[in-house]
1. Give, as ranges by residue number, the residues of the range 114-139 whose backbone N falls under 11 Å from the point 7 Å along Cα→Cβ of C150.
2. Taking the range 36-105 as the region of interest, what is the percent of Cα-Cα pairs per 5 angstrom bin, listed from the shortest bin to the one with the maximum distance?
3. Suppose each label sits 7 Å from its Cα in the direction of the beta carbon; what would the Q90-H60 distance come out to in nanometres?
4. Between K141 and K35, what length comes free when the chain is fully extended (0.36 nm per residue of separation minus the Cα-Cα distance, one decimal in nm)?
5. Going Cα to Cα from K141, which aspartates and glutamates come in below 16 Å? Please leave out same-chain ones fewer than 8 positions away.
Amino acid sequence: MRQRKAGAKQQGAPRAVQGQKRAARSCGLCGKSEKLTRTECCGEWICDDESEYVLFSYAHNSCHRNHSRYTLRSSHYNEGHEGMWQECQQCREGFETEMYVWYGINEYNFVKLANPPAYKPTKCAKCKRVIRLAEDGYSMKGGKYYCDRCTGFDLSRLLG
C-alpha cells in the first residue's frame with residue numbers, strides 16, 4: 001500500500017447519502033457503518049468489501065473497488081501525480097474526454113469534478129449510433145469506435 005505524503009490534504013468532505021445524516025463512521029458512498037476502511041487516496045471511510053467481488057464478473061457491488069478503479073481521484077493517486085486531482089493536466093490528458101468526465105462525476109466519487117469539460121458523444125463509425133464509453137459495449141479498430149451491434153460477426157459471410 002502507498003502512504004500518503006506528510007501534510008497531504010484531504011479534498012472535500014464526503015457527500016451525504018440521500019439526504020440522511022451521516023454517522024460518525026459510515027461509508028461515504030452507500031452509508032453503511034459496518035466493516036469499514038479508509039481509502040488510500042483520500043482517507044474517506046468506505047466499505048471494506050473488495051473481497052466480495054467475483055473475478056471477471058464486472059459487477060459494481062463493491063464500494064471500495066468502485067472508488068479505487070472508477071474515479072479520477074484514485075487514478076491521480078495511483079499514478080503518483082502531484083497537486084490536486086481536479087487541476088491535474090496529466091489526468092486530463094490521460095483519458096478520452098468522455099471517460100475523463102465520467103470518472104470525475106460518477107456515483108463512486110466522494111467529491112465530484114466541478115465544471116467538467118463538454119464533449120461530443122462518441123458514435124459508431126459504421127452506424128453512427130451513440131456509444132456511452134463507460135456503459136456500452138464497443139470495440140476499436142484503427143482509432144475508430146464500433147458499437148456492439150456492428151462489432152458482431154456476420155456468420156453467413158463466414159460460412160459461405
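1. Answer for the range 114-139: 123-131, 139.
2. That works out to 3, 16, 26, 21, 18, 12, 4, in percent per bin.
3. The two pseudo-label positions are separated by 2.7 nm.
4. Details: separation 106, 0.36 × 106 = 38.16 nm, distance 4.35 nm.
Net length gain for the segment: 33.8 nm.
5. Partners within reach: E96.
Just so you know, all these numbers are worked out from the coordinates, no wet-lab data involved. Note that the structure is predicted; figures quoted are calculated from it, not measured. Backbone-built Cβ (ideal geometry, glycine too); neighbour counts: all protein chains shown.
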